[in-house]
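The values are calculated or read from the model by the stated rules, or taken from the named source; none is laboratory data. Treat the numbers as computed from the prediction; the structure is a model and nothing was measured. Note that each Cβ is placed from the backbone with ideal geometry, even for glycine, and that neighbours are counted across all protein chains shown.
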Amino acid sequence: MSADEMTGSDLPSEVKSWLNEHPNADAETLREVWQLSGKVPPAIDPNPERIAAMRDALRDATTTDRLQSDTRAPAQDSPEDRGPTQRMDQTQRRWMGAIATALLVLLVAASAFLFIPLRISVPAGQTQTVSLSDGSTIQLNSGTTLRYPRWWSVAPLRSWLGRDVHLEGEAFFVVAPTEAPFRVETPNAGVRVLGTRFNVRARRPDGQPKTRVVVAEGRVALSAGGATTHLDSAQAATVEGTGAPSSSETVRVDRQLAWRHGGFSFTDASIRTIAAEVERRFDVSITVQPDVETRPITLQVNDAEGAEPLLRDVCRAAGCRVDSTNTGLVIRPR
């Protein structure tokens, strides 16, 4: 329908001409806007301000109509109506979404995997040395378990999260100096260093956790029970149960670390404690009868030849005896 048919002679000729050139314009809306602007002026000399107002209204109406048409267009298109470029864009978006989802799943899985700890267990009768990815080394005594997270192998994570290990047993640490702190957690204490050489013993000699730290070189902080003790070279301290660390004491490092060279060193240790250590070292079964298990012994052995000769030396000092049976060794009163 032409502009003349829709609006008759209500609109000026130049407006009718414009409508004929823009058939998509809303002529009815234009007519209403024109009437609101002050009715039709004399055809021979139209008011320029009213024509300008009408043109502005027409432009706004046409723009709104175009936006509405663009908004409705995608919903009216069928897959057959879409061009190859549009179909390709949608396919690419679907692929990009699938790839992003897969990458997210892989990232979550990798993160979970990195936090699963590595576990190293040294059985009775053996020792083992572990080299870590930061350059540190750990010598593990018999009957010891060491755990540390897999992200140790990722240098940025190691620097950001620190270098943490968990120890149950006994180990000698040679820590490579870096800016990331090195922390050893035991069942009842924590040790923090930057770079040093030290020994940590975390056992349960009487059923309660006991941690003893001996520093061979450097400086460490031993924390437990809300307190901290700082140790320098040739110093040691102990944490028993849930208590705080003891005061530092000066020790002979070679005796404290005799186990590293096949020896033993005990100071006021019960026969039960000594027997448990010998049992781990030589992988033998040792039974201690109640009458003698609490007797204290101080003993230094640089190179033990075996479980039975060592226990005979212990019993000579403690007033007991060692018998060999089909199931192992038995320590009983003399």
Q.
It is to be established whether one or more residues within segment 315-333 are under 23 Å from Arg203 (Cα atoms), exposed (fewer than 15 other Cβ atoms within 10 Å of the Cβ), outside the structural domain of Thr238 (by TED's automatic domain parsing) and touching a helix residue (DSSP H, G or I) at 6+ places or on another chain (Cβ under 8 Å).
A. no
**Q.** Pick from segment 286-314, criterion surrounded by 12 or more Cβ atoms within 10 Å (Cβ to Cβ) and polar (S, T, N, Q), ranking: modelled with the lowest pLDDT
**A.** Asn302
Q) touching a residue at least 60 places away in the same chain (Cβ under 8 Å) and not basic (Lys, Arg), is that true of Ala276? A) yes
Q) Which pairs have Cβ atoms under 8 Å, sit 6 or more apart or on different chains, and link a residue in segment 307-334 that is over 15 Å from Val278 (Cβ atoms) to one that is small (Gly, Ala, Ser)? A) Thr327/Ser285; Pro333/Gly319; Arg334/Gly319
Q: All but one of (1) more than 26 Å from the chain's Cα centre (by Cα); (2) modelled with pLDDT under 95; (3) in a strand (DSSP E or B); (4) not aromatic (Phe, Trp, Tyr) hold for Asp164, so report the exception by its number.
A: (1)
Q. In segment 234-261, how many are under 13 Å from Gln300 (Cβ atoms) and part of a loop (DSSP other than H, G, I, E, B)?
A. 3
Q: Considering each of Gly207, Gly195 in turn, give the residue that is out of contact with any Asp or Glu (no Cβ under 8 Å at 6 or more places or on another chain), more than 27 Å from Glu293 (Cα to Cα), modelled with pLDDT under 95 and outside any strand (DSSP E or B).
A: Gly195
Q: Taking Arg150 as the residue in question, decide whether it is among the charged types (D, E, K, R), surrounded by fewer than 17 Cβ atoms within 10 Å (Cβ to Cβ) and without any contact (Cβ under 8 Å) to a residue 40 or more places away in the chain.
A: yes
Q) Which one is farthest from Ala258 (Cα to Cα) among residues in segment 274-320 that are part of a loop (DSSP other than H, G, I, E, B) and of a type in the set (Asp, Glu)? A) Asp291
Q: Would you check which residues across segment 210-228 are outside any strand (DSSP E or B) and not basic (Lys, Arg) and list them?
A: Gly218, Gly225, Gly226
